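Single-structure report; data block below.
Values quoted throughout were computed directly from the atomic coordinates according to the rules given, and no laboratory measurement underlies them. Quantities reported herein were computed from a predicted structural model and do not represent experimental measurements. Neighbour counts run over all protein chains shown; Cβ positions are idealised from the backbone, glycine included.
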Amino acid sequence: MIFRQLFDSASGTYTYILASRPGGEALIIDPVLEKVDRYLQLIRELDLKLVKAVDTHLHADHITGLGALRDRTHCITVMGEQSQADVVSMRVAEGDRVEVEGVRLDVLYTPGHTDDSYSFLLADRVFTGDTLLIRGTGRTDFQNGDPRAQYDSIFNKLLKLPNAMLVYPAHDYKGDTVSTIGEEKLFNPRLRVKSMDEYAELMNNLKLPNPKMMDVAVPANMRVGLHQDEVARRGWALSIDDAMALRSRSDIALIDLREKSEREKHGVIPGSLHLPYPQLPSEIGFGGILHELVAQSGKRIVFYCAFGERSAMAVQAAQDAGLKTACHIAGGIDAWKKANGPLVQ
Ligand SMILES: [Fe+2]
């Protein structure tokens, strides 16, 4: 496995790059905007293709690199389903998986620091965001933080993992890089409490100043800006009503860009074809499935995904490849469901 831990000294943030092999797909966790050039350089040097960028939660102390990475690599942006961030193109929940080639992260919902805090689990290590830090825990006094929820996340989920499990947090301010679950059980001073009430009492009396960047970072991270806004300006977006009216026409090819797990969980628009988003580049050029479909049948390509972001990037890529009738369903399955559009499993 390729595993890199990178540090942003301004915010004390750790960012992680994971891949299974040189030349393969990569995933990044908690990227910082100011460090995006550095990440992309390393990804090029290691001959990787960035496919997913994940934030463990909405950060208050730095601006996320998710938007910039999306714009520069067209990667899929991933956060938990509670996230208020607009930039997210794939939302996950407890029990889901975040996968790229050869790497599978199990998703744990670990609220408390914020209500959108998640941890991500590999076989031998866990990325704990700001839920469990090295000899500390993330503060719980803003962004819908809740010390009781955090106690539950830490004691009933994270500390139930094997003692040898490596702990990689989103931050450290003392120079520590990694710990283990066993070490934190023994030596983390915040965890020397006898009850949830005692933990809440401890966390509610920390009296910490707000992070320097908080007033800038939280609004910036919630409104990064959407690709589908630009695609709509160019006239390549279908409203849900438009999409419903066109759905049964024979000159339309509906293409679902989501992953198999998302299709199983949320359902599929009847009659649509499946093409996972990461495979799109090879299918829109000469000789690709979509290129041939358009050339031979003259069908209009209608992409859709979970929220309309992957499909918006797909429309742009297809248009750039010469598929001039390509469009997408604005808002994706999320909007389709809210309008009671028909779905099949
Ligand atoms: Fe945080």
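Positive end of the dipole of the chain, charges at C-beta (+1 Lys, Arg; -1 Asp, Glu), about the Cα centre: which of Ala60, Met244, Pro211 has its Cα farthest in that direction?
In the chain, that residue is Met244.
Can you compute the FRET efficiency between Ser9 and Phe187 using 1/(1 + (r/R0)^6), with r the Cβ-Cβ distance and R0 = 35 Å? Round to the nearest 0.05.
0.90
Taking 37 °C and 0.692 mPa s as the conditions, I'd like the Stokes-Einstein D for region 156-235 in µm²/s, using the Kirkwood hydrodynamic radius from alpha carbon pairs.
For the chosen part, D equals 196 µm²/s.
Thinking of the chain as a set of Cα atoms, what percent of all their pairs are more than 24 Å apart?
Summing the P(r) tail past 24 Å for the chain gives 57 percent.
For region 1-46, count the residues as N, evaluate 2.2 N^0.38 Å, and divide the Cα radius of gyration by that value, please.
1.10
Taking +1 at the Cβ of each Lys and Arg and -1 at the Cβ of each Asp and Glu, which of Gln316, Met90, Pro111 sits farthest along the dipole of the chain towards its positive end, judged by Cα position relative to the Cα centre?
The residue sitting farthest along the positive end of the dipole is Gln316.
Just add up the charged neighbours of His171: K/R +1, D/E -1, any other residue whose Cβ is under 15 Å from the Cβ of His171.
In short, -2.
Taking the Cα centre of the chain as origin, work out the dipole magnitude from +1 charges on Lys and Arg Cβ and -1 charges on Asp and Glu Cβ, in debye rounded to 20.
320
Considering amide H positions built from the backbone, and no H for Pro or chain starts, which residues 5 or more places from His274, or on another chain, come under 5 Å of its amide H?
For His274, the qualifying residues are Asp256.
Given H placed 1.01 Å from N in the peptide plane, which residues other than close sequence neighbours of Leu133 have an amide H under 5 Å from its amide H?
So Leu133 has HN proximity to Gly138.
Roughly speaking, what is the centre-to-centre gap between region 196-225 and region 234-310 when only Cα atoms are used, to the nearest Å?
Centre-to-centre (Cα) distance: 40 Å.
I'd like the FRET efficiency for Met222 and Lys174, computed as 1/(1 + (r/R0)^6) with the beta carbon distance as r and R0 of 25 Å, rounded to 0.05.
Between Met222 and Lys174 the formula returns 0.25.
Given a Förster distance of 22 angstrom, what is the FRET efficiency for Ala339 paired with Ser250, based on the Cβ-Cβ distance and rounded to 0.05?
For Ala339 and Ser250, the calculated efficiency is 0.45.
Which stretch or stretches of region 196-221 have amide N atoms under 17 Å from the point lying 7 Å from Phe155's Cα along the Cα→Cβ direction?
196-205
Figure the gain on full extension for Asp47 and Asn205 (residue separation times 0.36 nm, minus the Cα-Cα span) and round it to one decimal in nm.
52.1 nm
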